[in-house]
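What follows is a short report on a single structure.
Here, each number is a calculation from the coordinates, and none is a lab measurement. These numbers were taken from a predicted model, which means no experiment stands behind them. Backbone-built Cβ (ideal geometry, glycine too); neighbour counts: all protein chains shown.
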Amino acid sequence: MSVKTIATQRASMNIPTGRLAVWWVLLSEIVIFGGVLASYILHRLGHPEWAEQAAHTNVWAGAFNTLVLLTSSLSAVLAHQAAEKGDGPKAARLLQLTVFGGLVFLIVKTFEWREEIIHGYTLQAGGFWSYYYTAAGLHAFHVLAGMVIMLWVANTARKNQELHRVENIGIYWHFVDIVWIFLFPLLYIAK
Amino acid sequence: MSHTTTVEAHAPAPHGHAEPNGFMKYLWSTDHKIISFQYMFTGMAMALIAGFMAYVFRMQIAYPGLNVPLFGHVSPDVYNALITNHGSIMVFWVAMPVLLAGFGNYLIPLMCGCDDMVFPRINRLSYQLFLLSAIVLLVSLFVPGGGFGGAWTAYPPLSAQAKYSLTPMGSTLWVIAVALEFVAFLLGGINFIVTAMNARAPGMRAFDVPLVVWFIVVASLLFMASVGPLIAGAVMLLFDQNLGTAFYNPTRGGDPVLWQHLFWFFGHPEVYVVLLPAMGIVAEIITVFARKKMFAYKTVIYTVIATGALSFFVWAHHQFVAGIDPRMANVFTVTTVLISIPIAEMCFLYIATLYGGSIRFTTPMLWALAFMAEFLIGGVTGIYLGASGADIFFHDTYFVVAHFHYTFYPIAIIGGMAGLTHWFPKMFGRMMSERLGKIHFWGTIIPFNFIFIPMFFLGLSGEHRRIYDYTHFPDLATPEMQALRIMSTVALVVMLLFQFVFLWNFIVSAFRGRKAERNPWKATTLEWTTESPPPHGNWAELPTVHRGPYEYATPGRDTDYWPQNEKA
Amino acid sequence: MLLNLPRAATFAGEIDGLVVLVTWLVGVWFFATQIMFFWLMWRFRAGANPKSQYITGKEPHLKRWINIPHLLILLCDIVIIVAAVRVWVRVKQTLPPADDTVRIVGQQWTWAFQHSGSDGALDTADDVWTSDTLHVAEGKTYHFLLESRDVLHSFFVPVFRLKQDAIPGRTITGWFKPTRTGTYDILCAEICGIGHGIMGGRVVIASAEQHAAWVQQHSAVASATPTDTTAVASAGASN
C-alpha cells in the first residue's frame, strides 16, 4: 500500500524531500560514530601500549576492503546516473552490484575476524580490541542495513518506480564508505 | 521561498489512500493525528505509573519502614528501582512522547497546512518502536533480580557490573529500553524536521511558521545532534554488562568517567529538547489569549537557536566534583552561567507579549502563565548549581532535586496540560469543562509548590539524594527536617488526587462535552481553519498562506484576529 | 549560615558567601520579573482592556525593556562567574601545605579512614585505621587521599561544604582545614548500590590536644599489633 501524501510531494526549500531526509539521518549517524571514535581516540592517546595490540590487525584485509567499498560507491554513483536518465533496470543492476560489494566487504571481514579471534584477539582481549570490534561492528551493521535497503530500492527501481530513491540510498552508502575511511587509518594504520 | 503549482491549491486533496477501518485503524494507521494520540496516551499512562512510583518512595521517606498503602514494604533495593525508573520514565516516556512526539505529530502537519507528515510509514514505525521500548522498560521492573536501581544517570561501574548492581537482567533491559526509545525518536525527528522544512503550505515562508513548529524542529535537531554519542555509550555499556568488555571498568583499563561525558553531552541538550516544545506551546497560548502578536517573533527564534547551540557546551556542570580536571570546571561554569542570557531574554519577550494585551484567563492561559512563573524558579535556582564553587556543596543534594523539578515539572506537566486543554477542542471536537479545568489547575499548582519548596531548604541543610531513610543520619534526622519531608509527601498525595479531576474532565468531555466549532478560541493559525476534529487528510482543500502566524488586533479590521489563510 | 548548618572549615564561609551573592543577584531579578509579570497580567486583563494593541516588538521604547535587562544580566553573570571561579580555585585547584594527611577509602557500603599515627606519616606501621569515623584536629590543614574499592562514591561533609567523588582506580587529592570542634555527618553523595542509604560516617573534630591524645592512644595499639597495612588497603572488606 503506497502512502503518498501531498506533503511528501512538496518542496518548500526546493530540495527533494527524500534527499533532505537522508541528510538529516546522516547528521545523527555522524554523531553516533563521532562518539565512538572520539572515545577511542582519547583512550588511544592515553594508552600508548595499545599500539602493540593494533599491530596485530590485518592491514591487507583492511586495505582490500577499502578498495571494495570505494568501488561499490562508484557503482552507486553510476546507478544514480542511470536513474537520472530514467533507466530503472540499469540502475537496479548497478545497485545490486553495489550490494555485492558490500557482501564481499562483510565476507572479508568475517574471515579477518575469525583469524583474529582464533589467535585470542577477542572483544574482551583488552581496551584496543573492545573499541576495534565495537567500532567496526557498528559500521558493519550499517553496511548490512544499507544492503537490505538498497536491495529494496533496486527492486522498486527495476520497475522504473521511485527512481529518486536511488540517489538517496547512494548518499547513505557514500556515508558508510566515508566512515570506513576514518576507521581504517584509526584502527589499522595507526601503530 | 516556495512556488508550488497552483494546481495543488485548488484541486480537492487526493490524499494517497482511504483510511483503514475499525481496530486496524488504530493498530496500523499512518495518520499523524492517530499516531500523536498513541504517543500522548502512552505518555500519560506512563506518567500515572511514574507518579505512583513517586507516591510510594515519598511515603517511604516520610514514614520509613511503613507498609505503603497500595504497595507494601519498601526495601532499599526496591527504593532504588523506584527512584531510578521514576526519573527515567518521566524524561524518556512522558516528557518526550507527550511534548515532542505527541504535539509535534499533531501540530506540525496541521499548522503547516499539510495532509500528513512526509513519511507516514516511518512515523508509524517510530511509534511502534517507542511502544516496544516502553514495554521493555516495564518488563525490566519484574525480571528476576528486580528493576535497575542505579539512577536514571546509570553511572558505571555500578550499572556495568552485576556484582555491584545486583540486577543483571534489570540493568540490561533498562539500557535496551532507552536505546530503543532513542531510535524511535531519531525516526520521528526526521518527519518533524523534513515536514516543517519542506512541506509547508503554498505562501508559508519561514517566518510565517508558528513558533511551536519552529521550536519542535529545533528540538528535533538538538536531539539528533546530541544523542549519537550516548547511543555509542549505551552500546558500550551493554557490552560491558553482557560481553565482558571493559570500556568503563577501571580495573581493566577502562574509565567510568567516559560514560558520564557521553551521557551528559546528550543529557544537557536533552533538557532543551523537552523545554522547547513546552515553550512553543506556551507561545501559541499566550498570543491567542492575550490577543497579541508575539513580541519580537524573530528575536524569539534567534534566542532559541542560540540557547540550543550553547547547550552543547555546558554538559560538564553535572560533573564539577566528579573527578574531571578542575581547570575544566572553570570553562563550564562560564558557559553554564552565560546560557542564562538567551533564556532570560526569551522569558522577557514572552512577558512583554502580555503588554498591551486583552488577557482572558481561560484554563489553557492559566497553565501557560503558571509555566512562566514556575519555570522562572527553576531557571534562577540553576544559577546556584552552575556556579562551580557553590556546586561543590549543592551537587547531589535535594537542592538539585528541587531545581530540576521546578524545570521539568513545568515542562512536562504544566506544559502538557496547557497543550492538552488548548487543543482538546480541535483534537476531539468537544469543549472541556472550564470549571473543572480551573479546579484541577489550582489543585495541581498549589500542592506542586508545597512538594518542592521544602526540598530547597532540605538541600541547603545538607540533605543528600537517593536515600531511602534519613533517620540513619544524625544531622539529617531532626524533627524539623522530617516535618519538611512529610509536608512534601502530603502535598504530593493531594496533587495526585486532584489529577482524577483532570481524568474525569478529559474522559467525560471527550464523549459528552459541548460540541466545538472550528475555531472556538478565535485563533489565527492554520489548524483552526479545519473541522474539529479534522478529517483524514485534514482539509478537503489544502490552505494557502497569506500572512504571519500572529496577526491579532491588526489595525483597520473589525475582527481582532486575521487567520493566516484568509485572502487579503 | 546556610540555614542552620554550622561552618566547620575555612572555606565554608567562602562557599556560603558565594551562595549569598547569588541569592542577592538572582533574588532581585526573580522578584522584579515576577512582579512585572503579575502586574502586566492584572493591568491588561480583558475586563479592563476589551481591545488589544498591535505591537511587533520592534518599537524602540519597548525594545529597551528587553535590551537593557539583557545587558544587566550579562553584567550580573560576569560577577557571579568571577566569584564562583575564585571559590572553586581556592577549594579545588590549590593545595596549601599539609599539617597532616588522611586516606579516605569508600566501598560498598562503608567508609574507611587511615590516620597517620604518632609519627605523623601516612603508610607507616603506626597508622590508625577506623571505619566510619574520621578523627581530625581543629586548626590543622589536612590533605585527603580519596579512593574507592568498587563503584563511584562521594565524600561529602556538609559542615565543611566539601564534596568530592571517589573513583575506583584513582586517588584524588584535596584539602580542608577544620575550624570548630564537634561531631558531624559524613555522607556518601553518589548512589552506590542498595546500601547507599546506610553509608554514613562521622567526622570528629577535636582540639589539637584531644586529637593528639586520641592518636597517641590508638597508634600505640596499632604499632603494638603490627598489621599488614597493604593487605588492609588492597584486599576486600575482610577485617
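Annotations
- Contact order normalised by residue count of the range C:17-139, Cα under 8 Å, 6+ apart, percent: 14
- Estimated purely from DSSP H runs of n ≥ 4, each contributing -39500 (n - 2.57), the mean residue ellipticity at 222 nm for chain B is -20500 deg cm²/dmol once divided by its residues.
- For the range C:12-93, with +1 on Lys and Arg beta carbons and -1 on Asp and Glu, the positive-most of C:TRP42, C:VAL89, C:GLN53 along the dipole: C:GLN53
- Estimated Rh, the protein assembly as shown: Kirkwood, alpha-carbon pairs, angstrom: 30.5
- Principal semi-axes in Å for chain B [√(5λ), Cα gyration tensor, largest first]: 40, 26, 24
- Nearest-20 debye value, chain B charge dipole, Cβ charges on Lys, Arg, Asp, Glu: 920
- Taking the number of Cβ atoms within 10 Å of each Cβ as an exposure proxy, the fewest-first ranking of A:GLU162, A:GLU116 is A:GLU162, A:GLU116.
- Take every pair of alpha-carbon atoms less than 8 Å apart whose residues are at least six positions apart; their mean separation over the length of the range B:20-136 yields a relative contact order of 40 percent.
- Only one residue of A:TYR121, A:VAL36, A:ALA79 has its Cα farthest out toward the positive end of the dipole of the range A:29-181, where Lys and Arg carry +1 and Asp and Glu -1 on Cβ, and that residue is A:ALA79.
- Charge tally in the Cβ shell below 13 Å around B:THR287, where Lys, Arg are +1 and Asp, Glu are -1, B:THR287 excluded: +2
- Using Cβ point charges alone (K and R +1, D and E -1), the dipole size of the range C:100-234 about the Cα centre works out to roughly 420 debye.
- Only lysines eight or more places from C:LYS140 in sequence, or on another chain, were considered; those with a Cα closer than 23 Å are C:LYS92, C:LYS163, C:LYS177.
- The modelled label-to-label distance between C:ALA121 and A:HIS164, using points 7 Å beyond Cα along the C-beta direction, is 8.0 nm.
- The range C:72-212: C-alpha pair distances exceeding 23 Å, %: 37
- Taking chain C as a Gaussian network of alpha-carbon nodes connected by springs under 10 Å, the highest mean-square fluctuation of the residues C:ALA32, C:ALA46, C:ALA166 belongs to C:ALA46.
- Cα principal axis extents for the range B:199-242, largest first, Å: 54, 16, 11
- Across all directions, the average flat footprint of the convex hull enclosing the Cα atoms of the range A:16-189 is 9.5 nm².
- q = 0.13 Å⁻¹, the range A:102-191: log10 I(q)/I(0) [Debye, one scatterer per Cα]: -0.53
- Alpha carbon centroid spacing (whole Å) that separates the range B:197-261 from the range C:32-46: 39
- Per-residue Cβ neighbour counts within 10 Å put A:TRP173, C:TRP109, C:TRP88, C:TRP214 in the sequence C:TRP214, C:TRP109, C:TRP88, A:TRP173, beginning with the fewest.
- For the range C:12-93, Kirkwood radius (reciprocal of mean inverse C-alpha pair distance, Å): 15.8
- Of every Cα-Cα pair in the range C:1-152, the percent that sits beyond 25 Å: 59
- When the range A:1-136 is described by a simple charge dipole with +1 on each Lys and Arg Cβ and -1 on each Asp and Glu Cβ, the residue from A:LEU20, A:GLY88, A:ALA7 located farthest towards its positive end is A:ALA7.
- Residue pairs, from the table A:LYS4/B:LYS298; B:LYS33/B:LYS567; A:LYS4/A:LYS159; B:LYS515/B:LYS567, whose Cα atoms sit over 22 Å apart: A:LYS4/B:LYS298; B:LYS33/B:LYS567; B:LYS515/B:LYS567
- Note: relative contact order over the range C:105-185, using C-alpha pairs below 8 Å and six or more positions apart, is 29 percent.
- Pairs of alpha carbons in the range B:400-447 whose separation is greater than 13 Å (percent): 64
- Helix B:340-353 vs. chain B, principal-axis angle (Cα, 0 to 90°, nearest 10): 40
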